[in-house]
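Take a look at the structure set out below.
The values are calculated or read from the model by the stated rules, or taken from the named source; none is laboratory data. If you're wondering where the values come from, they're calculated on a predicted model, not measured in any experiment. Heads up, the Cβs are rebuilt from the backbone with ideal geometry, glycines too, and the neighbour counts pull from every protein chain shown. The accessibility values were calculated without ligands, DNA or RNA, using every heavy atom of the protein model including side chains. Shrake-Rupley method; radii C 1.70, N 1.55, O 1.52, S 1.80 Å.
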Amino acid sequence: MDSLIRCRYRNGWEKEEMMEPGRPYPVEIHLPPTSNLFAAGHRIRLEVSSSNFPAAGRETPNTGEPMGRHTHLVKARNTLYLDRDRPVRR
């Protein structure tokens, strides 16, 4: 199950808002409905990536360049902040 978000539009499609490296930002990711039943002791895994190639193409070059007009690709570093000050919400 995949869910994609373009973080430069994390607050709406009307305005691009670039992210500063090293600064945490709240981001909502909406997952599609599912009907999995997890038995006691089972675990799930969350994978965070800045790409889903080849399923979603290479529209995320991680350069900050205009959409669809990038000139190169940059390897991204994704960090999740999960602590008392930044809890996960449902």
Exercise. Residues of the range 11-21 being open to solvent by 100 Å² or more (accessible area, probe 1.4 Å) and over 18 Å from ASN78 (Cα atoms), which ones?
Worked result: ASN11, TRP13, GLU14, LYS15
Seminar exercise, completed: Residue pairs qualifying under the 8 Å Cβ cut-off, at least six apart or on distinct chains, with the first in the range 22-49 being open to solvent by less than 100 Å² (accessible area, probe 1.4 Å) and the second being part of a loop (DSSP other than H, G, I, E, B) and of a type in the set (Ser, Thr, Tyr), are PRO24/THR79; PRO24/TYR81; ILE29/SER3; PRO32/SER3
Exercise. How about the range 50-87: which of its residues are among the aromatic types (Phe, Trp, Tyr) and either outside any loop (DSSP other than H, G, I, E, B) or open to solvent by 90 Å² or more (accessible area, probe 1.4 Å) (or both)?
Worked result: PHE53
Problem set entry | Failed criterion for SER51 (all others in (1) more than 20 Å from VAL88 (Cα to Cα); (2) over 11 Å from the mean Cα position of the chain (by Cα) hold) | (2)
